[in-house]
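Below: the structure, in structure tokens.
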Amino acid sequence: MTVVMKIDLVGPKRRGFALGLNEAAGYGGVALAAALSGWLASEFAARDVLVAAGAVISVCALVVSVLFVRDTAAHVALEQSRHERGGDTKPPQMRHAFADASYRVPALRACSQAGLVNNLNDALAWGIVPLFLAVNGASVAQVGLVAGVYPAVWGIGQVATGHWSDRVGRKPLIVAGMLVQAVALGLLAASGGAVLMATLCAVLLGVGTALVYPTLIAAISDTVSPVARAPVVGVYRFWRDSGYVVGGLVAGVVADVVDYAAAIAVVAGLTALSGLWVAYDVPGRRTGGRIAVGREHRQSA
């Protein structure tokens, strides 16, 4: 909902930048929590750190939400009232939003599959890549270095890439990002587990993910009418986060049947195909107009 509310607040001209800030803050929080919890766990009982820190974070977030967060429904209503050619004034039914975002509307289905594949290779990065490095002789510290470089580059880079997508359009960044990820994974598969090469690949993978991650949600939001935004983004997030499950299963099965390098290579191929799918299915830079999701008549982007 923080993502949807930011989209409601900023309007179309700064949507990518706002989403880049949101995702950078989120993954910066992940990195900070990982560092602090690791340090605290080395000083105190790990279970106590988990319970106490989780409780403090939850309570603080609840207090901030209750006292400072204001609902953005009025912003949506205002934007909808200015929406070109009118359109529905109520959110679409869930079955319509799900069908449109999953398969019915080309631009939406392309973004949904790209989100799924992006998180598929993210699951690989967290699950298979550390094992791949370890069996090739990397130490725990070296594995930690590679694992840390990837989200650091990804998190910091999203501020710039989100802003960039507002200026040049969403499609070029999504296609480029998926292809950069594919190249990074291909090089990693061929690296033999060398730590220096793996670190460079982690940087490249982080750059590719930064290009894709905030831009996909911005592209979804560009395509639908304001009142349809929240349910359609929800469907997109369903498919995107399903990528963790699919990635774990695909990479795990291939690694068992062949080896870790083969699993990485397979995911690299899937990522490249996903980028080409976006290049085929998503229209170029928008010139105005949105899809009124859930209606039988839809105007072209």
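The values are calculated or read from the model by the stated rules, or taken from the named source; none is laboratory data. Fair warning: this is a prediction, and the values are worked out from it, not measured in the lab. Here the Cβ positions follow ideal geometry from the backbone for every residue, glycine too, while neighbour counts run over all protein chains shown.
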Phe132 versus (1) surrounded by fewer than 23 Cβ atoms within 10 Å (Cβ to Cβ); (2) of a type in the set (Phe, Trp, Tyr); (3) under 18 Å from Ala265 (Cβ atoms): which is the lone unmet condition? (1)
Mind checking which residues of region 26-79 are under 30 Å from Gly148 (Cα atoms) and among the aromatic types (Phe, Trp, Tyr)? Tyr27, Trp39, Phe44
Of all residues making up region 191-209, the number that are over 14 Å from Gly144 (Cα atoms) and of a type in the set (Ser, Thr, Tyr): 2
Identify the single condition in (1) among the small types (Gly, Ala, Ser); (2) surrounded by 22 or more Cβ atoms within 10 Å (Cβ to Cβ); (3) within 17 Å of the chain's Cα centre (by Cα) that Ala251 does not satisfy, given that it satisfies every other one. (3)
Would you be able to say whether some residue in region 213-227 is modelled with pLDDT under 95, among the polar types (S, T, N, Q) and in contact with a His (Cβ under 9 Å, 6 or more places away or on another chain)? yes
For the condition at pLDDT 90 or above, part of a helix (DSSP H, G or I) and closer than 28 Å to Thr89 by Cβ, what is the one hit in Gly208, Gly234, Gly275, Gly252? Gly234
Say whether the condition of being within 10 Å of Leu211 (Cβ to Cβ), under 17 Å from the mean Cα position of the chain (by Cα) and at pLDDT 90 or above is met by at least one residue in region 136-159. yes
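Okay, residues lined up against (1) more than 30 Å from Ser225 (Cα to Cα); (2) in contact (Cβ under 8 Å) with a residue 12 or more places away in the chain; (3) in a helix (DSSP H, G or I):
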| position | (1), (2), (3) |
| --- | --- |
| Asp8 | no, yes, yes |
| Ala24 | no, yes, yes |
| Ser37 | yes, yes, yes |
| Val49 | yes, yes, yes |
| Val59 | yes, no, yes |
| Val76 | no, yes, yes |
| Pro92 | no, yes, no |
| His96 | no, yes, yes |
